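Let me begin by presenting the structure, written as structure tokens, before commenting on it.
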Amino acid sequence: MKKQALLVFAVAALLPGCSNDTDTDTGNDTRVSLQVSGGISIQTRAQDKDWNKGDAIGIYMVDAGSMDIAEGAENRRYITAEGDGKFSPAPDNTVYFPVDGSATDFLAYYPFEAALTDGALSVDAGSQTDQAAIDLMTAKTVSTADEPLDKNHSKVSLAFTHRLTKLSLTIAAGNGMAAEDLAGLEVEITNQRAKGSYSPLSETFSVASEPVQTIALNTAASGTSAVAILLPTTGPEGINPIVAGRQLVFTLAGTGEVFRWDIPDSKSFKQGDKNIYDITINRTSLDVTATIVDWNEGNEGGEPGSAE
């Protein structure tokens, strides 16, 4: 079962005359603000189970059933200052429900980006140094007749899901190799599109078709593990069709020896999937097996393989 992060928005009934980050009395109506708290399950983030200090999400409030921004609440920044899942609006970013009681929908994304280009945030998997910064997650909840979202029904839950795909390798020394030989190992994946954009409001991806590049995985100094967050591949008519001839490439630091494994052209790295591969580097070959862990079940039972 896929684990999800839940952000719960709860109304705080505060006295009139408070700052602009609280509820305020406007004659016969009260402006109702959002107070945000959130929890993250162990597989939600790229590296650990918790928010980091200073993590920020972007929030949109729209008129129910539309993409029309309500109350100017577009790309509002909410921050968990202590990394404890309790979010507060940045200055002048508080979201207020419409005072007339109109129903609204909510969209949100992580990580927050202030300078959007034509309403879209940039996505770049070319560098894997800071994986939390490229672990794009999004959420949406809509008003319904049974569960309206308005100032009188202002408790809103957002379930975040991953929009990219994760590749995780566990690496061991095999025949003719010592564990020390893996130190400084370089791991790469070839034939990847790395750049694109995502529009939180329209919930649409755009992927740059060129250039296709080789991406270096984030590899432990010991060489025993490597991780990458990549743009998900799609069918031939999709936004990111598979580029034939993809390989995992392993280069030993001490000797410069190179080992390659051909990724089957039929293998899609789908949105939200986490694919884990167990790699054994023998002196003359690679042994590769694949199993399934969380994010979503990406390998559908596992994929055996070997390469020289």
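Annotations
- Of the residues making up the range 236-254, those that are touching a residue at least 12 places away in the same chain (Cβ under 8 Å) and either surrounded by fewer than 18 Cβ atoms within 10 Å (Cβ to Cβ) or within 18 Å of the chain's Cα centre (by Cα) (or both) are ILE239, ASN240, VAL243, ALA244, GLY245, GLN247, VAL249, THR251, ALA253, GLY254.
- Being over 17 Å from the mean Cα position of the chain (by Cα) and part of a strand (DSSP E or B) is a condition met by no residue of the range 118-140.
- Residues of the range 72-117 that turn out to be in a loop (DSSP other than H, G, I, E, B), farther than 22 Å from SER143 by Cα and out of contact with any Lys or Arg (no Cβ under 8 Å at 6 or more places or on another chain), as a count: 8
Here is a yes/no grid of residues against (1) closer than 26 Å to THR129 by Cβ; (2) at pLDDT 95 or above; (3) outside any strand (DSSP E or B):
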| residue | (1), (2), (3) |
| --- | --- |
| VAL227 | yes, yes, no |
| PHE250 | yes, yes, no |
| PHE259 | yes, yes, no |
| ILE279 | yes, yes, no |
| THR284 | no, no, yes |
| TRP295 | yes, no, yes |
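- Residue pairs meeting the criteria (Cβ under 7 Å; at least 6 apart or on separate chains; first touching a residue at least 24 places away in the same chain (Cβ under 8 Å), in the range 262-284; second in a strand (DSSP E or B) and acidic (Asp, Glu)): THR280/ASP287
- Qualifying residue in the range 154-172 (condition: in the same structural domain as ILE263 (by TED's automatic domain parsing), in a helix (DSSP H, G or I), out of contact with any helix residue (DSSP H, G or I) (no Cβ under 6 Å at 6 or more places or on another chain) and aliphatic (A, V, I, L, M)): no
- Selection status of ALA179, surrounded by 15 or more Cβ atoms within 10 Å (Cβ to Cβ), closer than 30 Å to ASP287 by Cα and in the same structural domain as ASN275 (by TED's automatic domain parsing): no
The values are calculated or read from the model by the stated rules, or taken from the named source; none is laboratory data. This structure is a prediction, so every number in the text was calculated from the model and none was measured. Here the Cβ is made from the backbone with ideal geometry for all residues, glycine too, and neighbour counts use every protein chain on show.
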